[in-house]
Amino acid sequence: MAREFRVVYVDNDPIVLAHARALLTSDPAGATAYVDADLRDAAKVLDSAAATLDFAKPIAVTLAMTLHAIGDEDNPYQVVARYIAALAPGSYLAISHPASDIEPDKVADLVARLDQLSRQRLQGRTQAQVLRFFAGLGPVEPGLVQIQHWRPSAETNEVFAVWAGVART
């Protein structure tokens with residue numbers, strides 16, 4: 001990572017918080033911060049992140065394997081829209097999300113097992129549903145694809161039931 005980068009990590013898991021306190025350190029030229037918050041509380045996250053990030057400059061928001069924890073009843077599209085609204089032009093949104101339309105039986109079994117272990121209900125989404133998170137943004141090639149096709153470094157026959165995409169404001 002470039003030394004001048006500024007990174008804010010958001011999670012609301014007490015174990016993750018303990019690890020963050022122990023591991024996240026900053027270089028004088030850059031900064032690393034942890035926000036103990038629920039992603040759905042965009043106002044708290046954005047306010048806390050503003051101590052480290054300059055929202056007048058382009059920022060990359062990475063929602064890696066997180067949106068499946070926000071059910072439709074919590075309007076995940078509105079949650080993501082709040083973050084996008086806070087971004088300067090030229091910012092990026094990157095999402096990876098479990099797919100409900102790739103090997104749906106396997107994904108349904110996995111989600112059911114994870115639901116038993118988790119404090120919350122998890123939800124896979126179709127490609128069309130994940131694409132909605134990028135509404136109004138400019139997609140970065142190759143668009144919203146299965147994660148193994150995003151930037152393949154080697155040919156694989158393995159199927160990953162995850163959609164991945166990046167778009168620019």
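The values are calculated or read from the model by the stated rules, or taken from the named source; none is laboratory data. All of these numbers come straight from a predicted model, not from anything done at the bench. When we count neighbours, we look across all protein chains shown, and the Cβ atoms used for this are built from the backbone with ideal geometry, even at glycine. Surface areas here come from the heavy atoms of the whole protein model, side chains and all, with no ligands, DNA or RNA. Shrake-Rupley method; radii C 1.70, N 1.55, O 1.52, S 1.80 Å.
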With θ set to phi - 60° and the Karplus curve 6.51 cos²θ - 1.76 cosθ + 1.60, what are the ³J(HN,Hα) couplings of region 31-47 in order, to the nearest whole Hz, using x for Gly and Pro? 7, 10, 9, 10, 10, 8, 7, 8, 3, 5, 8, 4, 4, 5, 4, 5, 4
For Val10, Val130, give the ranking by accessible area with the largest first, probe 1.4 Å. Val10, Val130
Using only the heavy atoms of the protein chains and a 1.4 Å probe, how would Ser153, Ser100, Ser91 rank by accessible area, largest first? Ser153, Ser100, Ser91
Let me spell out the model: positive unit charges on the Cβ of Lys and Arg, negative unit charges on the Cβ of Asp and Glu, origin at the Cα centre of region 49-110. What dipole size does that give, in debye rounded to 20? 460 debye
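How large is the charge dipole for the chain, taken about the Cα centre, if only the Cβ atoms of Lys, Arg (+1) and Asp, Glu (-1) carry charge, to the nearest 20 debye? Please report the intermediate quantities before stating the final value.
Details: 15 positive and 20 negative charges, 76 e Å.
With Lys and Arg at +1 and Asp and Glu at -1, about 360 debye.
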Relative contact order for the chain: what percent, with Cα pairs under 8 Å and sequence separation of 6 or more? 20 percent
Taking Lys and Arg as +1 and Asp and Glu as -1, residues besides Asp41 with C-beta under 15 Å from its C-beta add up to -3
Considering just Cα atoms, how many Å³ per residue does the convex hull of the chain enclose? 136 Å³
Helix-only mean residue ellipticity at 222 nm, the chain, DSSP H runs n ≥ 4 weighted -39,500 (n - 2.57), per residue, nearest 500. What is it? -8000 deg cm²/dmol
